[in-house]
Amino acid sequence: MYSDDMTMRQILTAAGDTWAVVGLSDNPERAAYRVAAKLQRIGKRVVPVHPKAEAVHGEQGYASLAAIPFPVDVVNVFVNSALAGAIADQAVAIGAKAVWFQVDVIDEAAYDRTREAGLLMVMDRSPGREIPRLGLG
């Protein structure tokens, strides 16, 4: 219900190439690190968003979505569900076109708000898994 193939394909192919990955750190053991690398391999610019604002995969990090000084197309969320709704609201505020909540990141009210604001939205899925499944890389 919250992640149909058409919406996932649209986000991955047509929503834009600048992805802010919230929760991305330089820890290669974390899923966010691996998913960000896969996104880069299919041509996406991956912008790390993490309180430490560290550089990851060759891209400057930022402490928040609001601190990013250029437009962001997609916000990929790797934080726990209790924090995800606020991130979705920030994505709307910065003018993103889509929000993608990772596996086990679930906030139905945030999903509804984000869709009502006109953004594409996927919840409880990983682009790292969906890219090959949808034949995109």
- Query: When both residues are 6+ apart or on different chains and their Cβ atoms are under 8 Å apart, which pairs have a first residue that lies in region 1-25 and is under 18 Å from Ser81 (Cβ atoms) and at pLDDT 95 or above, and a second that is assigned to a helix (DSSP H, G or I) and β-branched (Val, Ile, Thr)?
  - Reply: Val21/Val35; Val22/Ile87
- Task: Find the residue count for region 6-59, including only residues that are under 25 Å from Gly118 (Cα atoms) and open to solvent by 70 Å² or more (accessible area, probe 1.4 Å).
- Result: 7
- Message: For a quick check of your reading: which strands (runs of 3 or more DSSP E) sit entirely within region 30-137 and have at least 3 residues that are under 23 Å from Asp5 (Cβ atoms) and among the hydrophobic types (A, V, I, L, M, F, W, C)?
- Response: 74-77, 98-101, 120-122
- Return only the number of the condition from (1) farther than 19 Å from Arg133 by Cα; (2) open to solvent by 20 Å² or more (accessible area, probe 1.4 Å) that Leu65 does not satisfy. (2)
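Residue-by-condition table, conditions (1) over 16 Å from His50 (Cα atoms); (2) of a type in the set (Phe, Trp, Tyr); (3) open to solvent by 60 Å² or more (accessible area, probe 1.4 Å):
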residue	(1), (2), (3)
Leu83	no, no, yes
Gly95	yes, no, no
Trp100	yes, yes, no
Ala109	yes, no, no
Met121	yes, no, no
- Message: Can you say whether Gly61 is in contact with a Pro (Cβ under 6 Å, 6 or more places away or on another chain) and modelled with pLDDT of 95 or more, as far as the supplied structure shows?
- Response: yes
- Would you check if Ala20 is over 23 Å from Pro132 (Cβ atoms) and small (Gly, Ala, Ser)? no
- Note on the structure: Residue pairs qualifying under the 7 Å Cβ cut-off, at least six apart or on distinct chains, with the first in region 65-89 being of a type outside the set (Gly, Ala, Ser) and the second being assigned to a loop (DSSP other than H, G, I, E, B) and open to solvent by 70 Å² or more (accessible area, probe 1.4 Å), are Asp73/Asp17; Asp73/Lys97; Val74/Lys97
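The values are calculated or read from the model by the stated rules, or taken from the named source; none is laboratory data. Please read all numbers here as calculations on a predicted model, not as lab measurements. No Cβ is skipped: glycine too gets one built from the backbone with ideal geometry, and neighbour counts run over all protein chains shown. Heads up: the accessible areas ignore ligands, DNA and RNA and are worked out on the full protein's heavy atoms, side chains in. Shrake-Rupley method; radii C 1.70, N 1.55, O 1.52, S 1.80 Å.
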